[in-house]
Amino acid sequence: MLLGLPAALVGPVVRSKVSAKAASRGLAVEVGSVRPSWDGIWLLDVALRSRTGRVTGMLQAIHVPFGERPVAVHGGRLALRGTPVELEREVAPEHTGSGEGRRRSFQVDGLTLHLRDFDGRGSSVTTWGFGATRDEKSDRLALDVLQAEAPGLHLSVRGGRATLQHAGSGKLELVRAAEAAVALDLDTLRPTRSHAQLSVPVPSTGHAGVALVLPAVAAAAKQALPDGAELAVESLRLALAYRGEHLGFGPSRASLRRLNDELVAEFVRSDAVAPAATPLALRGKLPLVSGVPSLELEGGPVSLAALGVRDGELGLTHTRDATIEAHLRLSLEGGAVRAFGTGAFGNVSFLRPEVSAHEVRGLRLGFRADGEVALDGSRVRLNDTEIALGDVKFAETVELVRDEAGTRVRAAGGVPLAACDAALASIPEALVTAARGVKLEGTFALNHAVSYDSARPSALEVTLHVENGCHVTGAPSELSPERFRSVWSREVKGPDGLPMTIRTGPGAPDWISYDALPRTMEIAVLVCEDGGFFRHRGFDFRAMESALKDDIRAGRFVRGASTISMQLAKNLYLGKEKTLSRKVEEALLTMLLEARLSKNDLMEIYLNIVELGPGIYGIEHAAEYYFDESAKELSLGQALFLASILPDPTRTHFEPDGRLSAHWAEYIRKLMRIAHSVHRIGDDELAAGLAEELAFRKGNDEGLRERFDDTLDPASRGFEEPADNGRGL
């Protein structure tokens, strides 16, 4: 009973003093209980709250010692909400006395600390097992776990330790962490001007991101880090996310040191390196006084798995077998990033549906870079830049300038003379699955040049020069075009959109031989689809050049340059998927068709199998469906109509009463004038064609009327020509 008497007497006095001291800093404090001990006083279950609630907490135990020993806080939680400036204002003392400047020692352990909205953007930091020790010379911090969340950023740290040398300025001397992980969402993370109150000028030249951050980092490091100070993480993992894709690196050792007047950062993993290789290290240098910031990626070859890249990321597979080597340097000077160096990827495997339906294995890709990019995007310059796919090299020079006058681009490059068989061998098998076994000989070369000024789009210059000396020397029997000289089966899309199998080929009921084809139909496809068909060897490079011009002017893909031979290769051998591999296979199979079949054979097959409506294949079926007559009797207008719908044969151009829409009829007349201008038809044929009135012969049937009502695209009532591919000219 007597032992409890001091506590009963001391408790009210202590509570009063604690409340008064806290109130001077804008805090309301309630002490659950007070317990005297031989060396001080224990305050238990201490609840605190600031005036506006920006600071709240519950501390389990506070030991206030007698004498000069430090106050110790054991356990509890503390929540802070607001920026450092707001929090400082929230708990600032109402008045200062002579003793306020004295540096008081304290100890903290086992505290859960939660900081929210410290940057004004909703970011948060939570630490568990936080501890701190302050004496006259330094602050030592420790934590078990830290989790930080910001827009586009997630950070976790385990086993963190920090020492801050006081020396009158609170300079940071050492920070270490046993383990850390950083996740960046590049979709969300956007470089913006700092929300913090910086003590250095922020550039206002429009430079984004790094140009704003680096001066602030340099100023902060110069102020906070003494020479020799180090921030190190023994095991760091970095994860990047962009448009649902993920890519991770690490765990690796990361460090940040101040050496004299330079800030040096390093990210390196030294284990799991092949005997003949060196570790791949990322090193950055930031001058604190003057100089050029730089970043170097050096070392290898090392496996992607050794860098922490996992199977499945970016569609990558077999990352243990894939390697990377780099000798690349980037420097920041004059508001631009300059890059110079070389690198290579070896034995890379991946599975990406936009590239191929099959896993790509053993890709070898190298590069050489020399150029610079302005941080504000106003200037891009690439000199002597090269990409090598296996033994085939593609070189490019680019100069882009963007200012108030518009955008100007000059580019030139291409593929120097290369062996066709070596080029084919450089392509992974997954990209040529449908054309596997095709063999090539000969050589090819490609050169191109582009000159564009947005202020004078009519002055656009595009040149494309291809020396295609490749020719097919062999192909497996299952790919041989000879099989198309007799009846064969093919799977197509039916009227209901579902797959169906049809029999076609010479000898099939609806097949028309070349000699029996109407002259009007050949004229129509030459005008609409491929004017150079009888001159080229499968590829119309002049049409490709013209298409590039239109695409550049429009700033998007508006038209292609597929020849009849290329379309035939797709129809005979390939599916409807749009992949990079399909374009490669299409090129090889086009060369095969051109090598084994005559132009007359190709035209005959094309007109007999081409899609001309829902479930309608070949001109005989189409002539009967649209005009109720044999293809051999097709007029010029009817033939041009069939050729005009090839880009989109499922779209309706007839009115419910069977008449051709006025807009599409005018388009057909335009095609007739083009055919006349290129001497495909004479004056009498043009006059007869212009006088012709096209109609859907079965348009009055109720079933067809219902079909038109259900499928008529409202846009088709407005005149919308297919993109002029230019090949018919």
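The values are calculated or read from the model by the stated rules, or taken from the named source; none is laboratory data. These numbers come from a predicted model, not from an experiment. We place every Cβ from the backbone using ideal geometry, glycine too, and count neighbours over all the protein chains shown.
Observations
- Among the residues of the stretch 368-384, those identified as in contact (Cβ under 8 Å) with a residue 24 or more places away in the chain and surrounded by 16 or more Cβ atoms within 10 Å (Cβ to Cβ) are R368, A369, D370, G371, E372, V373, A374, L375, S378, R379.
- Whichever residue in the stretch 75-99 is at pLDDT below 85 and among the hydrophobic types (A, V, I, L, M, F, W, C) and, among such residues, is farthest from V46 (Cα to Cα): V85
- Out of A150, A181, one residue alone is out of contact with any strand residue (DSSP E or B) (no Cβ under 7 Å at 6 or more places or on another chain), outside the structural domain of G67 (by TED's automatic domain parsing), under 30 Å from H246 (Cα atoms) and among the small types (G, A, S). It is A150.
- Whichever residue in the stretch 629-657 is aliphatic (A, V, I, L, M) and part of a loop (DSSP other than H, G, I, E, B) and, among such residues, is nearest to I619 (Cα to Cα): L634
- Within the stretch 514-522, not a single residue is loosely packed, with under 13 Cβ neighbours inside 10 Å, assigned to a loop (DSSP other than H, G, I, E, B) and in contact (Cβ under 8 Å) with a residue 12 or more places away in the chain.
- Residue ID - surrounded by the fewest Cβ atoms within 10 Å (Cβ to Cβ), chosen from residues in the stretch 480-513 that are of a type in the set (F, W, Y) and over 22 Å from F641 (Cβ atoms): W488
- Filter result (at pLDDT 75 or above, of a type in the set (G, A, S) and either part of a strand (DSSP E or B) or surrounded by fewer than 15 Cβ atoms within 10 Å (Cβ to Cβ) (or both)) within the stretch 175-232: A177, A178, A180, A181, A183, G228, A232
- Applying the criterion of at least 2 residues that are of a type in the set (F, W, Y) and in contact with a helix residue (DSSP H, G or I) (Cβ under 8 Å, 6 or more places away or on another chain) to the strands (runs of 3 or more DSSP E) found wholly in the stretch 418-508 leaves 443-453.
- Per-region count, the stretch 395-425, residues surrounded by fewer than 15 Cβ atoms within 10 Å (Cβ to Cβ) and under 27 Å from the mean Cα position of the chain (by Cα): 3
- One residue alone among A547, A554 is within 28 Å of the chain's Cα centre (by Cα), among the hydrophobic types (A, V, I, L, M, F, W, C), modelled with pLDDT under 90 and surrounded by 19 or more Cβ atoms within 10 Å (Cβ to Cβ), and that residue is A547.
- Matching residues, the stretch 10-25, being farther than 23 Å from W38 by Cα, in contact with a strand residue (DSSP E or B) (Cβ under 9 Å, 6 or more places away or on another chain) and at pLDDT 85 or above: S19, K21, A22, A23
- Given (1) free of Cβ contacts under 8 Å to residues at least 12 places away in the same chain; (2) part of a loop (DSSP other than H, G, I, E, B); (3) of a type in the set (D, E, K, R), number of the condition K583 does not satisfy: (2)
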